[in-house]
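The values are calculated or read from the model by the stated rules, or taken from the named source; none is laboratory data. Treat the numbers as computed from the prediction; the structure is a model and nothing was measured. Glycine also receives a Cβ, built like all others from the backbone with ideal geometry; neighbour counts cover every protein chain displayed.
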Amino acid sequence: MSMRRELADRVLQPATKGLSAEPLHVDVLIVGAGFGGIYCLYEMRKLGLRAVIYEAGNDIGGTWRWNCYPGAAVDSEIPEYQLSIPETWENWTWSSNYPSYEELRKYFDHVNQALNIKKDCVFHSVVVSGQFNPEESRWEIHTADGRTAYAKYFIVAAGFAAKRYIPEWPGIEKFQGVVHHSSFWPDEPVDVRGKRCAVVGTGASGVQVTQAWGPEAGELKVFQRTPNLALPMRRRSLTVQEQEGSKVFYPELFQFREKCFAGFLYTFCERGLFEDSDEEREQLFETLWQRGGFRYWVANYKDSLLDAAANRVIYDFWRKRVCERIQDPRDQESLAPLEPPHPWGVKRPCLEYDYYEQFNRPNVEVVNIKDNGIADFTEKGIRLQDGTEYEFDVICIATGFDITTGGMTSMGLRSIHGTSLQDEWKSGCFTYLGMAVSGYPNMFHLYGPHGPTLLCNGPTAVEVQGRWIADAIKQMERQGIKYIDPTPEAAQEWKAKITELSNKSLFPTTKSTYMGGSMPGKVFEQVNYTAGVYAYSQEIRTALPHFTGFHVVRG
């Protein structure tokens with residue numbers, strides 16, 4: 001069957017009235033109706049500016065309108081993973097500390113009711129080109145279905161995972177079974193009971209699909225290139241009473257999450273690993289392990305991602321605890337090898353609740369494809385490079401995204417110099433402050449390249465960046481500024497800072513989403529601010545209110 005590949009594959013014809021009318025003139029055009037876009041719309045309204053969101057999907061919620069694959073759920077905990085806007089949490093409670101995609105969709109419906117978001121949204125709007133006109137101080141932006149919008153300010157809130165990555169496997173279109181990319185999963189349930197199933201990829205979505213399909217599928221093959229060094233989620237039910245009782249502290253908790261390294265309500269231990277005895281280390285490890293979530297990753301010793309020897313101690317404890325759950329020694333070596341595939345934590349760990357137990361089932365098997373990759377798809381299934389063929393009824397392609405930069409480079413954006421962002425970033429990504437790009441005046445982005453992005457809880461990052469963007473626009477309006485454009489020198493300096501911070505860590509040892517992703521041909525480079533969200537929040541504020549590092553044009 002035909003598989004959906006691009007956002008524009010199912011763009012509907014636009015309406016002929018309301019916000020879809022031709023053309024659209026606004027103060028601010030925002031792309032994306034997830035956490036980032038909604039928060040920016042909220043801030044723009046406070047400034048009294050007319051703002052509209054273009055959303056490629058059919059509803060608000062960002063990734064949670066696309067991610068409806070089996071087992072899809074968030075890996076950041078409640079109450080960290082929600083907006084701090086009082087109207088959105090005062091009358092809302094959750095059923096679990098790690099909500100499913102279904103509950104997150106209901107949450108965004110509640111956010112809409114509280115803030116009336118949809119009145120300023122245009123759905124099925126896929127941006128395919130955009131350029132700033134310095135003479136008119138306006139962006140001109142075009143959509144896949146032929147509409148045009150004009151705006152003084154352009155905010156890209158598409159997130160780090162807006163561009164799907166589907167490897168160019170020959171024959172994929174002739175497979176006669178059911179095949180979908182995890183982020184383009186249909187809303188209608190796909191029945192796998194008793195069927196031959198495959199999951200290709202062991203990132204977050206691959207782990208979650210495996211947990212969902214293991215108990216149901218007739219047989220399940222999990223194609224693994226690199227083992228996922230996953231952590232226990234410790235999911236539990238939440239009562240209305242305990243949430244209502246803690247809401248008096250929510251304003252302080254939302255402030256505190258911005259003081260912690262990764263935007264959660266915990267941060268690194270103040271000690272280095274070798275400052276503690278073996279017994280003291282074991283006690284800390286066990287405490288973090290039992291509490292679950294990302295604590296073993298970003299509440300561990302402060303040198304865990306900096307010192308290779310400390311990192312190996314952390315890996316060895318992780319392996320010991322995981323191997324206790326896997327029965328077959330061969331599976332232990334595949335899923336938690338004696339020698340780490342890379343330093344622990346330099347790839348974002350996934351959270352799981354019974355992922356490793358799935359491989360104790362007689363119907364579930366891990367297929368290692370690191371040295372024997374997928375050659376092609378056949379009408380009946382998948383063929384590896386050594387000729388081994390597997391037959392399937394249902395295949396989930398969980399190969400992730402053109403991470404961090406792909407959402408922006410796929411929009412057809414052109415600079416005031418006539419160059420395209422896609423071409424400019426082929427040799428490396430350059431931003432200023434992780435929110436602006438030289439040559440693209442009055443364009444801001446958040447939860448994308450060179451921010452805390454992949455090392456930070458989403459709502460925390462977008463609120464830190466969204467407030468900065470709002471304050472920058474407020475100053476522009478007050479100071480009578482037509483447009484601001486980061487200088488090339490400022491972008492070079494920010495890039496150097498991003499690289500310098502990264503080089504102090506173990507991140508550059510491994511090809512990962514942090515270092516540009518796994519897309520063939522992509523530059524191996526750090527695309528995140530690696531010193532933590534609090535350091536980032538302090539650093540970006542030095543550019544305001546005088547727009548240090550920007551070329552400023554007043555009107």
Checklist entry - Is region 481-491 home to any residue that is hydroxyl-bearing (Ser, Thr, Tyr), surrounded by fewer than 21 Cβ atoms within 10 Å (Cβ to Cβ) and over 23 Å from the mean Cα position of the chain (by Cα)? => result yes
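Do we find that residue 210 is assigned to a helix (DSSP H, G or I) and in contact (Cβ under 8 Å) with a residue 24 or more places away in the chain in this structure?
Working: assigned to a helix (DSSP H, G or I): yes; in contact (Cβ under 8 Å) with a residue 24 or more places away in the chain: yes.
So residue 210 passes the test.
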Checklist entry - Quick one: which of 322, 346 is part of a helix (DSSP H, G or I), among the β-branched types (Val, Ile, Thr) and not assigned by TED's automatic domain parsing to the domain that holds residue 531? => result 322
Checklist entry - Can you find a residue in region 100-117 that is among the β-branched types (Val, Ile, Thr) and more than 27 Å from residue 186 (Cβ to Cβ)? => result no
Checklist entry - Going by the conditions given, is residue 27 modelled with pLDDT under 95 and not in a loop (DSSP other than H, G, I, E, B)? => result no
Checklist entry - Taking only pairs six or more apart or across chains, which ones have beta-carbon atoms under 9 Å, a first residue in region 466-495 that is at positive phi and modelled with pLDDT of 95 or more, and a second residue that is exposed (fewer than 15 other Cβ atoms within 10 Å of the Cβ) and not in a strand (DSSP E or B)? => result 480/555
Item to check | Selection status of residue 505, more than 24 Å from residue 134 (Cβ to Cβ) and in a helix (DSSP H, G or I) | outcome: no
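Quick one: is residue 119 closer than 20 Å to residue 26 by Cβ and among the basic types (Lys, Arg)?
Numbers: closer than 20 Å to residue 26 by Cβ: yes; among the basic types (Lys, Arg): yes.
Judged against the criteria, residue 119 is a match.
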Item to check | Verdict on residue 482 being under 24 Å from residue 131 (Cβ atoms) and in a strand (DSSP E or B) | outcome: yes
Checklist entry - In region 439-461, is there at least one residue being assigned to a helix (DSSP H, G or I) and surrounded by fewer than 20 Cβ atoms within 10 Å (Cβ to Cβ)? => result no
